[in-house]
Structures are given as C-alpha cells and as structure tokens.
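This report refers to the structure that appears directly beneath it.
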Amino acid sequence: MNVNVVGSGYVGTTLAACLADLGHEVTAIDIDQSVVDAINAGHAPLHEPGLDKLLAEHVGERLHATTSYDDLSEADVTFLAIGTPSEADGSIDVGPLSAAAEMVGEALAGADRNGEHLVVVKSTITPPGLAEIRDALVAGLGDGGGDVGFATNPEFLREGTAVSDFQDPDKIVFGTESDTALATLEELYAPLIETSDSLVVRTDPATAMMIKYANNAFLATKISLANDLGNICKEFGLDAYEVMEAVGLDDRIGEQFLRSGVGWGGSCFPKDVAALIAAAREAGYEPPLLNAAVEVNDRQPERLLALLDAHVDVAGERVAVLGLAFKPGTDDVRNSRAIPLIEGLQARGAEVVGYDPVATETMRERFPDIEYADSAADALAGASGAVVATDWDEFAALDEEFDAMAEAVVVDGRRIIKRRAGITYEGLTW
Ligand SMILES: NC(=O)c1ccc[n+]([C@@H]2O[C@H](COP(=O)([O-])OP(=O)(O)OC[C@H]3O[C@@H](n4cnc5c(N)ncnc54)[C@H](O)[C@@H]3O)[C@@H](O)[C@H]2O)c1
Ligand SMILES: O=c1ccn([C@@H]2O[C@H](COP(=O)(O)OP(=O)(O)O[C@H]3O[C@H](CO)[C@@H](O)[C@H](O)[C@H]3O)[C@@H](O)[C@H]2O)c(=O)[nH]1
C-alpha cells in the first residue's frame, strides 16, 4: 500500500521505517527540514537502536521524507504521529496534532483519490480530545471530504526497543468506525499479523485510545506500587528486589515493571498519566489511585538525595550524576529522573557533573551550565558523591573508577552498581 506518516519523531520514524520494511511505499512528512534531511540521508533523526539500519535499507527505495503535504492525497492511508505535549495542568496540548490534522484535510480536499483515504491517529490523545482532531480534519477538508475515513491505532512501542516492539507487538489495536477502514488497516498490517504472535483488538476509535491510556496508567501505577513497597522494605532493612522477584512469580502479577528505584520518567508515563487524570477531572471524576501513583513517583528523587545527605554535605562539592536519559538505549531526556536529581543537587549548592553515553547533548539543552564528562570515570574523579539515575549496562562494570572519588559515596537509584569494598553504597529500596 501507499502510506504517509506525518510527524517523524520516535513514533513516526519507527512507523515509517517498519512499514517500508513490511513492503509498503512510505512518505515521511515532517515540518522540520533537518529531520527530513537526516531521514533522506538514511539516518534516524534520533537515537533508536536498529532504526538507522532499516532507514539505510529502505530510503531511496520504498521510503522517502519530505516537508511537503502536496502529494499526500496519492496515498491510501495517512498516519498522524505528532507530539501531544503536556500543558501546565496536565492536560495535553492538542494544538500541534490539530494543526497537522487540518493540514492533512486541506491536502486531501478536492484531490483525485483512489477510493477512501484513511486518516489514522497514531499519537496518544485522550478519548474526549479525539473529537477536536476529527473536527480539525473536517475543517481542512471543507466540502471535499466525502470519502475520507477516520481511525485510531495507538502505539505501544518503548523507546530503546522501538523497532523490535513494533515488529513483534503483544497486541495491535484498531479503532475504526467502518468496515472499509478496518479492512484498510488489516491489509496494511497483514504481513506483521501473519508473521508475529500479535493479538488484534478491533474496537471504536475512542475505546482504542482509552486502551492506550489504561495500559500506561497500569504500568506506571505498577512501578509506583513497587516503589511504595520498596520504600517500606528500605525502612524495614529489607531488599525490595528479593521481595518483588518472588511476588512477580505469581502469574496474576507478572515479573515485569516491578523494578523499584528513582521512578518512571520519559515522554509517555508522566504525560499520559497526567493527561488521563486531567481528562477524568474535567469529566467529573478525581482518580485517587492515579494521583497517588504520581505522588509516589514525584517523591523518589528527593528520597534518593536524602540518602546522599545522610552521608555527605554536598554544598560546594562535586557530585556525579550517572545517567541522564530517562532509560537506557535512548538519548531522550524528557521527564528523566535525572532532572529532579540535578535540580535537587543544585538547590543544595553542589557542583553537578553529568555523564551519559548518548544523552549529553539533549540534556545540555535543559541544563546548559552544568559540567558534562566524557566518561563515567571522568565524572567520578574528585567527586564527593555519585547518584545513579539510569541503568545503562556500562555502569554495572564500574569498579576502580570509584577509587578516584574524593569521598566514595554512591546512591544507586537503579540497582545497577555492584557493591564493593571501599565505597559507601546506598540502594534506594534495598
Ligand atoms: N515516544 C514514544 O515512545 C511513544 C510511544 C507511543 C506513543 N507515543 C505518542 O506518539 C506521539 C508522538 O510522539 P513522539 O515521541 O514520536 O513525538 P516527537 O516529538 O518525537 O515527534 C513529533 C514530530 O512531529 C513533527 N511535527 C510537528 N508538527 C508537524 C506537522 N504539522 N506536520 C508534520 N510534522 C510535524 C515534529 O517536527 C517532530 O519531528 C505522541 O502523542 C506520543 O504520546 C510516543
Ligand atoms: O520496572 C520498571 C520499569 C520501568 N521503569 C521506568 O519507567 C520508565 C518508562 O520505561 P519504559 O516503559 O520501558 O519506556 P517508554 O519508552 O516510556 O515506554 C512506555 O511508554 C510508551 C509511550 O506511551 C508506551 O508505548 C510503552 O508501552 C510504555 O512501556 C523509565 O523511566 C524506566 O526507568 C522503572 O522504574 N521500573
């Protein structure tokens, strides 16, 4: 099939590359010329393992990128993969997605088309917010929208494993309101459905989006519960990892997303949980459990710093922050737990030095004035304390690097550092 993907961020670029890999002709559209240039040069505009390889394989063949909406109507399907960032009250800013929907409508209006053109919302948007996107599309179409369909197809990929998550998902959710739209999405995904064990969920557009929010709310709350229990374990002098490993053996609970520590960050969990709370509140319901999940998460960085305070007064001292990305495998620092840690250290008068294997430049945009080291060893040299915000594998191998610290106090927010003689080691929940 012939497909447009509007928006070439983490989701859009992965979607475009993976659809090309499934055999479709794909046009990636983004308003950012540098993003388009990177894709056309066969490079991912962001750090995502496996994406460069797919782009190099398909760019110039079945995949190309452009800033122009002019030829959009030649495709059968247009995905919207635009960001839906948070507003101050937690609700999402639908402006960019709305604008893109209207631009798609305008590009489709009156154009010669081969049967129904399906516009699919891939972005995460609350069920009540969906109407605004449809309205924007209809406004763009004007009188020319007779055979344009509207659907949702929420995305469940994780950053750092986006390509493999897309290629082998647990489930694929189609939110459609006509047989034609459902048939189009099933044809598009057919190669993937045939080759993977993915379960297909067929529902309406709003329910599909609620599934996405419920999924993320459940996972974020699961981690917060692990953190709440982990904090209790720490007070009792027990190891939360030993406890939760055993708890996870229960099939009804499952072993994943029970790793306690400095909490959940990233572009999705904080934003999506906040958006669901805001939309529920707007609809007249205040969700106590989701509010508590956020509260537990917000407190973890300060609990970590309190453990550091118990061993060293960091005012005027050099303190290393190991890991800046919100999780390993990505250069994304959106809502990274490293951010409140850096802010907390700065508030204590510490001289912060950050290190991350790939996220230094993205964090530099957020904190231009702290020092950035080229290696964990350089960050630790002369430091009077170290805090661990990201569980990059390379941190597990750190050993004699701690000997170069002025005071070897290490507070681990991710249980990645090996305890050894000569360092004062504190785990957040163990
Ligand atoms: N990042 C994830 O892991 C993930 C996973 C699942 C779902 N989502 C959801 O998917 C959506 C996209 O997330 P993302 O992280 O890929 O966003 P992103 O911010 O990385 O990328 C968005 C892209 O859209 C482009 N853009 C903005 N307006 C445009 C327009 N009018 N026309 C064309 N391009 C335009 C931007 O230049 C940018 O490159 C969000 O709703 C997010 O919640 C994200
Ligand atoms: O046991 C765990 C698991 C994760 N985390 C943290 O939780 C955050 C999110 O991790 P993860 O879910 O792996 O990454 P994301 O890329 O944010 O993916 C989530 O958000 C995406 C965007 O909506 C969804 O598509 C995915 O299904 C969902 O897992 C990170 O800060 C992790 O460090 C923990 O603290 N403990």
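Coordinate-derived values only; no laboratory data. Please read all numbers here as calculations on a predicted model, not as lab measurements. Heads up, the Cβs are rebuilt from the backbone with ideal geometry, glycines too, and the neighbour counts pull from every protein chain shown.
Tabulated data
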item	result
On Cα atoms only, tilt of 338-347 relative to the major axis of the chain in degrees	50 degrees
Gaussian network model of the chain, Cα within-10 Å springs - most flexible of Gly261, Gly90, Gly146	Gly146
The stretch 47-65 versus the stretch 131-202: alpha-carbon centroid distance in Å	21 Å
Neighbour-count ranking [beta-carbon atoms within 10 angstrom, fewest first] of Ser34, Ser86	Ser34, Ser86
Residue among Leu238, Leu304, Leu72 with the largest mean-square fluctuation in a Gaussian network model of the chain, springs linking Cα atoms under 10 Å	Leu238
Other-chain or far-sequence residues with amide H under 5 Å of Val121's (modelled H)	Leu80, Ala151, Thr152, Asn153
Between helix 269-282 and the chain: long-axis angle, C-alpha atoms, 0 to 90°, nearest 10	70 degrees
Set of lysines with alpha-carbon distance to Lys418 below 22 Å, sequence-local pairs under 8 removed	Lys234, Lys327
Lys212, Lys222, Lys418 arranged by Cβ crowding within 10 Å, fewest neighbours leading	Lys418, Lys222, Lys212
12 Å beta-carbon shell around Leu55, net charge (K/R +1, D/E -1)	-3
Residue exposure sequence - Trp392, Trp430, Trp264 - by fewest surrounding Cβ within 10 Å	Trp430, Trp392, Trp264
Most mobile listed residue (Ala310, Ala75, Ala56) in the chain, GNM with C-alpha springs under 10 Å	Ala310
Packing-based ranking, highest mean first, of 7-14, 338-345, 197-204 given that Cβ atoms within 10 Å are counted	7-14, 338-345, 197-204
In degrees, nearest ten, helix 95-108 long axis to first principal axis of the chain (Cα)	20 degrees
Charge context of Thr362, other residues only, Cβ under 14 angstrom, K/R +1, D/E -1	-3
